[in-house]
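Since the structure comes first, as structure tokens, the remarks are kept for the end.
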Amino acid sequence: MSTMTLAKAITSGLDKVLESNDKALLMGEDIGKLGGVYRVTDGLQDKYGAHRVIDSPLGEAGIVGSAVGMALRGFCPLVEIQFDGFVFPAYSQITTQLAKMHARSEGRLTVPVVIRIPYGGGIGSIEHHSESPEALFAHTAGLRIITPSNANDAYWMIQQAAACQDPVIYFEPKRRYWLKGEVDTETPALDAFKAQVVRSGDDATIVAYGPLVPVALAAAEAAREEGRSIEVIDLRSLSPIDFDTITESVQKTGRLIVTHEAPTFGGLGGEIAARISERAFLSLEAPVLRVGGFHMPYPISKVESQYLPDIDKLLEALDRSFAY
Amino acid sequence: MTPAATEVGPKDPVQILTPDGQRLPHEIYDAYLGDVDEDMLRGFYRDMALTRRFDQEATALQRQGQLCLWVPLRGQEAAQIGSGRATRPSDYIFPTYREHGVALTRNVSFSEMLRLFRGISGGGWDPRENNFHMYTMVLAAQLPHAAGYGMALSMEQRGWDEEKLAAEGNAVVAYFGDGSSTEGETHESMVFANSFNAPVVYFCQNNQWAISVPFEVQSKVPLVERAAGYGMPGIRVDGNDVLAVLAVTRWALEHARSGKGPVFIEADTYRLGAHTTADDPTKYRMTEEEAAWAPLDPLIRLETYLRENNIVDDAFFEQLAKDADQMAATVREDAMAFPVPPLAKSFEQVYAEAHPLIQEELAWHLQYEAGFADSGENA
């Protein structure tokens, strides 16, 4: 057991991957000497060499596309996209090539590529550095999408992503990079594709993931002071989504709030609301409510606090739910 | 000895066989044709003729409603057979969607190739069997794959000396066309492959037309001139000359294999037919242009050379025509007999590992379909 930041937990997880699998390699912009703009790969090039921790040319389609080629030769590339808003030059490679290779080859080829993407806002940055594009990828069959919210999960889930034979997008909650937590390096975390109840409660359920899990926990604590017992689920996997865990919770609490930084319209909250209304309709005491971003380009950072879901917005949603 | 990059003339296409079938000497490339004997020459003609006959049969199958689409290659046989025959079985090939001739050189079955176009497979053949990748429909998307595959080969071949590289080194051939030369992924692929000295041969068949748009819209200069901008040798070759294509591709593969990095080949050729069976060239190109290219047909050129040098006789062509018809009949028979896999099969192929949503939807699909079976029996 040791204490580390979420970013360092990813570094340690990547170190384990490189150490245990000689076919694994890292590639991305500035990830070598610099250690990445967030230093997540710091020290790994020194340890494993420039042929395994590769500073790539600038070009996201080239990064993901060449990773596909490496995977076709039996390598296991873990690539870094520098920021959420810069993934789109690689969008075609991810959705038309990476996601479909296994299916097109009738199951003969596997392309175990991991794409690491720092995502989300709340860091006071300029445009294209604070986005949450996960729903755009979740809509594509063939991809798996996971996102840790704490250091222990960060450490284990990156290793689970690397071991997975399917392509995995690993979204890193960048405003939580410096969040410290205990990491148990001996006992593997839960299956990366399962959700986890991180706080038990009886009156309502909040589903959150990545950067908003601490916010949901804080809202649950605030609600407790108002006499409400709130269950919080850390979704962890965005594709597939562990609907069983959510359903079980909602059957107990009867109320569900889903929150994400991504715009509410067309976001994963809609999918969760629809599925839960199908699976637990008779348990619901109120409509499933969503607390997400507005339908606008991610706002200028001076006003982003008014855009982002926070404790007050979650409490307001709980009030609306309990009003039914 | 391998010629230096600067010695390879980029502007004048390399030509070994003239359009009227004359064999020209070449100071660099003759060394790459030393083993070409009469058997090989007859083999090249046979490859090209079989490919053309296959193309004709597939076009007919599409016209008869038996294929979703067909992508004819008529006119490009020499570029494909010459380059394909330059590869080793252990090299890996990334085709576009028109490399039926290259497929023949890799022993991919013509019948299997129709599975994609028959609508019963998303790929069609097993790329691992012949190191011939699936066709890629998204233009140039296969080129970054080729760069990455080449980078992977470089990693495997790290520390090998020249002798071992020449004997056992593997390389990649990445096919593309004048149309896809403008895609961003073409550029990124070339940057990646050059920066990491990956053993990749970029083989561009410039067939002059990207569906309806002429080459002049894609580039103001011969594409081969772009090679220097990436720091790799560029060779322009007469793509309708099977011997010239064979020689330059052998040179390029030797260069790439030896650890010197990628090579760009631009093969000048002409798409004698339509882009696909959904296309109508009469709407956009002049019959005069087609008439000018017709005598440059790669099969005519090799036939002239073979006949004038008494390498073949009429009996050769008669037998070949019979064999080609037999092949076409088999391909047709196979294509019509392909079983249609159930949609349930598609569920299994989305992910390599178990996936709850797939399992849930498959279960629902099977139950739903089974409901129809019941009502049918009860009716």
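A short reminder: the numbers here are calculations on the coordinates, not readings from a lab. Since we're looking at a predicted model, the values are computed, not measured. Cβ coordinates were reconstructed from backbone atoms using ideal geometry, including for glycine residues, and neighbour counts include every protein chain displayed.
Numbers below:
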{"item": "Overall Cα dimensions of segment A:132-262 - principal axes, largest extent first, Å", "result": "45, 32, 26"}
{"item": "Three principal axis lengths of segment B:240-309 [C-alpha, angstrom, descending]", "result": "46, 35, 19"}
{"item": "Formal net charge of residues neighbouring B:Leu143 (Cβ-Cβ distance under 9 Å; K, R +1; D, E -1)", "result": "-3"}
{"item": "Over 20 Å [Cα-Cα, segment A:2-183], rounded percent", "result": "48"}
{"item": "Computed lengthening from A:Asp30 to A:Ser125, 0.36 nm per intervening residue step minus Cα-Cα distance", "result": "32.3 nm"}
{"item": "Candidates A:Lys194, A:Lys302, A:Lys47: whichever shows maximal mean-square fluctuation once chain A is modelled as a Gaussian network with Cα springs under 10 Å", "result": "A:Lys302"}
{"item": "Stokes-Einstein D (µm²/s) once Rh is taken as the Kirkwood radius of the protein assembly as shown over alpha-carbon pairs, at 4 °C in 1.567 mPa s", "result": "47"}
{"item": "Förster-model FRET efficiency, 22 Å R0, A:Asp184 and B:Glu353, C-beta, rounded to 0.05", "result": "0.35"}
{"item": "Net dipole in debye of segment A:87-243 [+1 Lys, Arg Cβ; -1 Asp, Glu Cβ; about Cα centre; nearest 20]", "result": "600"}
{"item": "Chain B - Kirkwood radius from inverse mean 1/r over Cα pairs (Å)", "result": "22.1"}
{"item": "For chain A, built as a Gaussian network whose Cα springs stay under 10 Å, the top-fluctuating residue of A:Gly121, A:Gly210, A:Gly270", "result": "A:Gly270"}
{"item": "Ranking of B:Cys204, B:Cys68, A:Cys164 by count of other Cβ atoms within 10 Å, fewest first", "result": "B:Cys68, A:Cys164, B:Cys204"}
{"item": "Point-to-point label distance, B:Glu333-B:Glu156, nm (Cα→Cβ direction, 7 Å offset)", "result": "3.8"}
{"item": "Rounded to 5, the percent of DSSP beta bridges in the protein assembly as shown classed as antiparallel", "result": "20"}
{"item": "Nearby aspartates and glutamates by direct alpha-carbon distance to A:Lys302 (threshold 20 angstrom, same-chain neighbours under 8 apart not counted)", "result": "A:Asp84, A:Glu127, A:Glu131, A:Glu261, A:Asp310, A:Asp312"}
{"item": "Magnitude of the charge dipole, the protein assembly as shown, Cβ model with Lys/Arg +1 and Asp/Glu -1, debye to 20", "result": "700"}
{"item": "For chain A, radius of gyration divided by Kirkwood radius, i.e. Rg to Rh on alpha-carbons", "result": "0.97"}
{"item": "Alpha-carbon centroid distance for the pair segment A:124-179 / segment B:113-132, whole angstrom", "result": "33"}
{"item": "Average other protein chain Cβ within 10 Å of Cβ, residues B:195-207", "result": "1"}
{"item": "Relative exposure of A:Ser200, B:Ser189, judged by other C-beta atoms within 10 Å (fewest first)", "result": "A:Ser200, B:Ser189"}
{"item": "Unsatisfied cross-links (Cα-Cα over 23 Å) in the set A:Lys33/A:Lys180; A:Lys23/B:Lys345; A:Lys16/A:Lys174; A:Lys8/A:Lys174; A:Lys174/A:Lys313; B:Lys164/B:Lys260", "result": "A:Lys33/A:Lys180; A:Lys23/B:Lys345"}
{"item": "Ellipticity estimate at 222 nm from DSSP helix runs (n ≥ 4, -39,500 (n - 2.57)) divided over chain A, nearest 500", "result": "-9500 deg cm²/dmol"}
{"item": "Relative contact order (%) - segment B:5-337, alpha-carbon pairs under 8 angstrom, separation at least six", "result": "27"}
{"item": "MRE, 222 nm, helices only [DSSP H, n ≥ 4, -39500 (n - 2.57), over chain B, to nearest 500]", "result": "-14500 deg cm²/dmol"}
{"item": "Candidates B:Leu153, B:Leu362, B:Leu61: whichever shows maximal mean-square fluctuation once chain B is modelled as a Gaussian network with Cα springs under 10 Å", "result": "B:Leu362"}
{"item": "Mean-position separation - Cα centroids, segment A:278-294 and segment A:28-89, in angstrom", "result": "39"}
{"item": "Chain B: angle of helix B:38-63 to the longest principal axis, Cα-based, in degrees nearest 10", "result": "40"}
{"item": "In nm, spacing of pseudo-spin labels at B:Ala363 and B:Ile300 (7 Å Cα→C-beta vector)", "result": "6.6"}
{"item": "Cα centroid separation, segment B:341-367 to segment B:286-334 (Å)", "result": "47"}
{"item": "Average beta carbon contacts from partner chains per residue of B:344-354, 10 Å cutoff", "result": "6"}
{"item": "Ranking of B:Lys220, A:Lys23 by count of other Cβ atoms within 10 Å, fewest first", "result": "B:Lys220, A:Lys23"}
{"item": "Kirkwood hydrodynamic radius of segment A:1-79, from inverse mean 1/r over distinct Cα pairs, in Å", "result": "12.7"}
{"item": "Cα-based helix-to-principal-axis angle, B:356-378 vs chain B, degrees rounded to 10", "result": "60"}
{"item": "Cα long-axis angle, helix B:142-156 against chain B (0 to 90 degrees, to the nearest 10)", "result": "70"}
